[in-house]
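This report refers to the structure that appears directly beneath it.
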Amino acid sequence: MLKKNQIRKIILNIFPVISIGLLITVWVLFSNAHPNLLATPRMVFDRAIRMFEHPIGGMNIFGHIWVSMKRIFIALGIALVLGILLGLIMAVSRFGKATLGTIYNLIKPIPPLAWVPMITVWFGIGELSKIILVTRGGLNPITDNTYTGVRITDKNLIDVGRVARASNSQLFRLIILPASLPSIIAGFKNALTNCFMVVLAAEMMGAQAGLGFLITRGIMAVDPPIILVGMITIGIVGALLSAFASYVERITCPWIRRIN
Amino acid sequence: MEKATVQSSNVDLINQKKKKQFNYTLVSIITLILFFVVWQLIVQYEIVSSRILASPIDIARAFIEKLTKEGPDGATLQENVWASMKIAMTGYFFGCITGVPIGLLMGWYKPVDRFVRPVFDLIRPIPPVGWIPISLLLLGFGFRAKVLIIFFGTFVPCIINSQTGVLLTPQSLIDVAKTFGAKDFEIFRKVGIPYALPLVFTGLRIALASSWGALVAAEMLAANAGLGNMIVMGRQFVRTDLIILGMVVIGFIGIILVSIFDQIEKFFLKGRI
């Protein structure tokens, strides 16, 4: 019996190694056969290092990461303030929902990226346009989740507050807000992903710096190593952002139970 | 005497409630009308130049015009819509067909999870937009490259939600099936998968929104037809009415897709929580 279990455990642990190994093998084989299409791992590594000596667009890889991150976090901050306000107003005031909510529902279905041409006509192609676009990207999840979070507050909790003769503002501060916090944070996590997506797209469409710009540069200059450097960096940064968002969730809402 | 007053005060309450509901709908409608009227006026009276903002009437005119004319971007409105839909639906279809089964299997069979997980964790953080360069490099500037981008955008949420759905199957249900002597695969088919269905549908819905958004991005960056392209062309020819028309149509189709999806979901999930 024991032996069977041991063998099973060994196989399970080898599988991840096998699949990553397969992936890398395919990469190496394909890129060596078509170096003009896909850069080999060696080329990618060399290029990344070379960027420290020969910066692209005036910056090395970390400079570009920082530029993209700056845009994301500024926009995220604005989206948080606007979104939470909007969501709260819509959830708490029926009049607010009928007025602001109607206008919000008009704007909501239009994907953030569809706004790019309009925003560039209004604000040009500078930093402001990008921040506005990324903020628009983060607005939807935060507003919707704040609204839902307040609406689904357990009525029992509110009743307890009423029994204890809490004032409206106390009800709001001490019961409704904490109860809707998990939902708001979930919205924050989604918004982070969305903002990342929009920042990359916005940078691809017209920027002088940032990860999206790096990729566009690679395409324009037909420079596969840069493209892959950009993509791998995007993957790593994306994973780090997810981890960061989960971390924020754990700190602000320690009482949530997670699945995995 | 008492009965009559109680009854009439009940009727009063109901009438009051009806009036309140009616009042709020009225407010929404008035807000909508005000919004469009103000918009029309500020463009008409040149408070905002008509070069940077098109009025609602201009957009309506552009809509009608676009139904027949091929305009600056080389295709009528219907042709653009059809081109966009073709790509989005193809990518969505392939993403779901691969994503959902893989996700379900990953949730039930640990070996599958161990094998697919590492590669998936590498793919997951890259947003659909990030796949554009690779798609363009490998497949050129055509239909297949765009479908590939949509595919990645659909594939990821499908896998995540399907896997979570299966993982959440309560052990008690599985145990009941075991006491009836069902074999592992049968339990998977008859207990795990049905239990995961609601989450699978949520994943499909997220994937739908994601694919429609990714489509817009893909078309703006690398296309010669479709709604995204129409918007970009609108900017190039300084036709703000086309830009806004494109945005409105994109949003409108998004709403329609979601409604259709909700109906399909209701049909499949009849009677479930």
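The values are calculated or read from the model by the stated rules, or taken from the named source; none is laboratory data. What you see is a predicted model, and the numbers here were worked out from it, not measured in a lab. Cβ placement follows ideal geometry from the backbone for every residue including glycine, while neighbour counts extend to all protein chains displayed. For the accessible areas, the whole protein counts, side chains as well, though only heavy atoms, and no ligand, DNA or RNA atoms are used. Shrake-Rupley method; radii C 1.70, N 1.55, O 1.52, S 1.80 Å.
For segment B:143-160, a residue qualifies if it is away from chain A (no Cβ under 11 Å), in contact with a Gly (Cβ under 8 Å, 6 or more places away or on another chain) and of a type outside the set (A, V, I, L, M, F, W, C), and the qualifying residues are B:146, B:154.
Restricting to segment A:153-202, name every residue that is closer than 30 Å to residue A:128 by Cβ and of a type in the set (Val, Ile, Thr). If you could, list the steps in order and put the result at the bottom.
Let us first name the residues in segment A:153-202 that are closer than 30 Å to residue A:128 by Cβ, namely A:184-202.
Scanning segment A:153-202 gives A:184, A:185, A:193, A:198, A:199.
Taking the stated definitions as given, is residue B:179 more than 9 Å from every other protein chain (Cβ to nearest Cβ) and of a type in the set (Ser, Thr, Tyr)? Working first, answer last.
Values: more than 9 Å from every other protein chain (Cβ to nearest Cβ): yes; of a type in the set (Ser, Thr, Tyr): yes.
Judged against the criteria, residue B:179 is a match.
With the structure loaded, tell me whether residue A:122 is open to solvent by 40 Å² or more (accessible area, probe 1.4 Å), among the hydrophobic types (A, V, I, L, M, F, W, C) and either away from chain B (no Cβ under 14 Å) or not in a helix (DSSP H, G or I) (or both) or whether it fails that test. When the stated conditions are applied, residue A:122 does not pass them. Residue-level check: of (1) within 11 Å of chain A (Cβ to nearest Cβ); (2) of a type outside the set (Phe, Trp, Tyr); (3) within 22 Å of residue A:202 (Cβ to Cβ), residue B:226 misses just (1).
Among the residues of segment A:216-251, the ones that are of a type outside the set (D, E, K, R) and over 18 Å from the mean Cα position of the chain (by Cα) come to 13 in all.
Please state which of the following conditions residue A:110 fails to meet, knowing it meets all the rest: (1) part of a helix (DSSP H, G or I); (2) crowded, with 16+ Cβ neighbours inside 10 Å; (3) of a type in the set (A, V, I, L, M). Residue A:110 satisfies all of (1) part of a helix (DSSP H, G or I); (2) crowded, with 16+ Cβ neighbours inside 10 Å; (3) of a type in the set (A, V, I, L, M) except (1).
Give B:64, B:59 a once-over and let me know the one that is buried (at least 17 other Cβ atoms within 10 Å of the Cβ) and farther than 19 Å from residue B:146 by Cβ. Only one candidate qualifies: B:59.
Considering only segment B:240-273, state which residues are among the β-branched types (Val, Ile, Thr) and within 13 Å of another protein chain (Cβ to nearest Cβ). Give the steps one after another, and end with the answer.
Going residue by residue through segment B:240-273, those that are among the β-branched types (Val, Ile, Thr) are B:240, B:243-244, B:248-250, B:253, B:255-256, B:258, B:260, B:264, B:273.
Answer for segment B:240-273, where residues must be among the β-branched types (Val, Ile, Thr) and within 13 Å of another protein chain (Cβ to nearest Cβ): B:240, B:243, B:244, B:248, B:249, B:250, B:253, B:255, B:256, B:258.
Residue pairs whose Cβ atoms lie under 7 Å apart, separated by 6 or more positions or on different chains, with the first residue in segment B:20-38 and more than 8 Å from chain A (Cβ to nearest Cβ) and the second at pLDDT 80 or above, are B:36/B:56. Residue count for segment B:229-239 satisfying the condition of being open to solvent by less than 10 Å² (accessible area, probe 1.4 Å) and at the interface with another protein chain (Cβ under 9 Å from one of its Cβ atoms): 2. In segment B:195-221, the residues that are more than 9 Å from chain A (Cβ to nearest Cβ) and more than 20 Å from residue A:193 (Cβ to Cβ) reach residues that are surrounded by fewer than 24 Cβ atoms within 10 Å (Cβ to Cβ) and of a type in the set (D, E, K, R) with C-beta atoms within less than 7 angstrom, at least six apart or across chains, in these pairs: B:198/B:272; B:201/B:265.
As a summary of the residue check, residue A:134 satisfies the conditions (1) within 14 Å of another protein chain (Cβ to nearest Cβ); (2) in contact with a helix residue (DSSP H, G or I) (Cβ under 8 Å, 6 or more places away or on another chain); (3) open to solvent by 20 Å² or more (accessible area, probe 1.4 Å) except for the one numbered (3). Residue-level check: of (1) more than 7 Å from chain A (Cβ to nearest Cβ); (2) buried (at least 23 other Cβ atoms within 10 Å of the Cβ); (3) not basic (Lys, Arg), residue B:140 misses just (2).
State the number of residues belonging to segment B:39-80 that are of a type in the set (Phe, Trp, Tyr) and within 20 Å of residue B:226 (Cα to Cα). Break it down into steps so the answer makes sense when it comes.
Within segment B:39-80, the first condition is being of a type in the set (Phe, Trp, Tyr), and the residues that meet it are B:39, B:45, B:63.
Pick out the ones that are also within 20 Å of residue B:226 (Cα to Cα) and you get B:63.
The total comes to 1.
Picking from residues in segment A:16-56 that are facing another protein chain (nearest Cβ under 9 Å) and part of a helix (DSSP H, G or I), the one that is least open to solvent (accessible area, probe 1.4 Å) is A:19.
Just wondering, is there one or more residues in segment A:87-94 that are surrounded by fewer than 19 Cβ atoms within 10 Å (Cβ to Cβ) and outside any loop (DSSP other than H, G, I, E, B)?
Within segment A:87-94, the first condition is being surrounded by fewer than 19 Cβ atoms within 10 Å (Cβ to Cβ), and the residues that meet it are A:92-94.
Now drop any that are not outside any loop (DSSP other than H, G, I, E, B), which leaves A:92, A:94.
The answer is yes; a qualifying residue exists.
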